[in-house]
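Notes follow once the structure below has been shown.
Please treat every number below as a calculation from the coordinates, not as lab data. Everything numeric here is computed off the predicted structure, so don't read it as measured data. Positions of Cβ are generated from backbone atoms using ideal geometry, with glycine treated the same way; all protein chains shown enter the neighbour counts.
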Amino acid sequence: MPQSNPESRSTPRSKPYRLFEAVGIELEYMIVSEETLDVVPAADRLLESVAGELTDEWENGDIAWNNELALHVVELKCNGPRATLSGLAEAFQDNVRIASRALERESLVLLPTAMHPWMDPDTVELWPHGTRTVHETLARLLA
């Protein structure tokens, strides 16, 4: 498992960060069938398999995983503002490996983009769990 690097993470503060004082990265991945590359609504199963329970977000050292609007998308992101990008490439890669191992049990893989060339948006399943109010509001506004 990746280990948190306390020197790279910012400590809680009472004042806002100035421009470029802290950074963060977010990577979105589609979950797709290994055989067909069709999207598979399995982000909840992935999060449950790594966290040990169904959750909207799981923290793993310097990286946090969370759900997105669509059930076939998972996001990996910095677990809070960072003073430097140092060590993040390795931390993200370690977490991608963890996700890949968890998904291979169902013959699923990560597609490194939140865009898909033949997905039918009318058939997309939205995140149905936990804090979905924001997702439901966004879906209503986009309809």
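Counting only DSSP H runs of at least 4 residues, each contributing -39500 (n - 2.57), and dividing by the residue count of the chain, the helix-based mean residue ellipticity at 222 nm comes to -8000 deg cm²/dmol.
The angle separating the long axis of helix 88-104 from the principal Cα axis of greatest extent in the chain is about 30 degrees. Here the chain is treated as a Stokes sphere of Kirkwood radius computed over C-alpha pairs; at 4 °C and 1.567 mPa s its diffusion coefficient rounds to 80 µm²/s.
Between residue 15 and residue 143, the contour length at 0.36 nm per residue exceeds the Cα-Cα span by 42.3 nm.
For the range 94-143, just run the numbers: alpha carbon Rg, then divide by 2.2 N^0.38 Å, N being how many residues it has. Write out the running numbers ahead of the final one.
Details: Rg = 14.2 Å, N = 50, 2.2 N^0.38 = 9.7 Å.
Cα-based Rg divided by the globular estimate yields 1.46.
Considering only 54, 92, 103, the residue lying farthest towards the positive end of the dipole of the chain is 92, judged by Cα position with unit charges set on Cβ. Each of 47, 141, 111 was scored by other Cβ atoms within 10 Å of its Cβ. Arranged with the fewest first, they read 141, 111, 47.
Could you check the spin-label model distance between residue 93 and residue 54? Points 7 Å from the Cα along Cα→Cβ, value in nm. Output for this residue pair reads 3.6 nm. Only Lys, Arg, Asp and Glu carry charge here, each on its Cβ (+1 for the first two, -1 for the last two); on that basis the chain has a dipole of about 720 debye about its Cα centre.
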